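Asks: I have a structure I would like to understand better, so I am pasting it below and will then ask my questions one at a time.
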Amino acid sequence: MKYEEALKIINEGMSSGFMVSFEWKIGGILRSDYFPDKYVGEELIESEKEAWILAKRFANSTKGKCINIYVIDSNFTPVEGYKILRIVNR
């Protein structure tokens, strides 16, 4: 297989966009979650700015229920500066 063909296969499997990551606070246990769910075919959020806006709106609606809310990229890597922008939401 040619290198270019391999790259095409790799890049086709990768999606671009952003998601909002958070943890459900259930008693003394934290359960990680995120949205949108790229594995069920939901479209990812187009821009990091839009993802942070949705993260803030989500935080306001889930105060005390969901914590540690921040934006991740399509590879589940936190975006640059997430430690400063992360919404604790306790």
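Computed from the coordinates by the stated procedures, all read-outs in this text should not be read as laboratory data. Please read these numbers as outputs of a predicted model, since none were measured by experiment. Cβ coordinates were reconstructed from backbone atoms using ideal geometry, including for glycine residues, and neighbour counts include every protein chain displayed.
Asks: Ranked by Cβ crowding within 10 angstrom, fewest neighbours first, how are Thr77, Thr62 ordered? Don't jump to the answer; show the numbers that get you there.
Replies: Working: Thr77 9, Thr62 16.
Ascending Cβ contact count within 10 Å gives the list Thr77, Thr62.
Asks: Could you state the angle between the C-alpha long axis of helix 3-13 and the longest principal axis of the C-alpha atoms of the chain, as a value from 0 to 90 degrees rounded to the nearest 10?
Replies: Taking the Cα atoms of the chain, the angle to 3-13 is about 30 degrees.
Asks: Shifting gears a bit: Putting +1 on Lys and Arg Cβ atoms and -1 on Asp and Glu Cβ atoms, find which of Trp52, Ile67, Thr77 reaches farthest to the positive end of the dipole of the chain.
Replies: Ile67
Asks: Here's something else I'd like to know. Please get the size of the charge dipole for the stretch 34-90, origin at its Cα centre, with Cβ charges of +1 on Lys and Arg and -1 on Asp and Glu, quoted in debye to the nearest 20.
Replies: 540
Asks: Also: Please report how many Lys pairs in the chain have alpha carbons closer than 26 angstrom, counting only residues at least 8 apart along the chain or sitting on separate chains.
Replies: 19
Asks: Which of [x] 12.3, 37; [y] 37.8, 123; [z] 15.4, 53 is the computed Rg and Dmax of the Cα atoms in Å for the structure on display?
Replies: Among [x] 12.3, 37; [y] 37.8, 123; [z] 15.4, 53, the one derived from this structure is [z].
Asks: Sticking with this one: Filter the GluC sites (Glu not before Pro) in the stretch 32-63 to those in DSSP coil with at most 15 other Cβ atoms within 10 Å of their Cβ, and list the result.
Replies: Working: sites: Glu42, Glu43, Glu46, Glu48, Glu50; in loops: Glu42, Glu43, Glu46.
Sparse-neighbourhood loop GluC sites (Glu not before Pro): Glu42, Glu43, Glu46.
Asks: Treat the count of other C-beta atoms within 10 Å as a stand-in for reagent exposure and order Phe76, Phe22 from fewest to most.
Replies: Values: Phe76 10, Phe22 25.
Going from least to most buried by this count: Phe76, Phe22.
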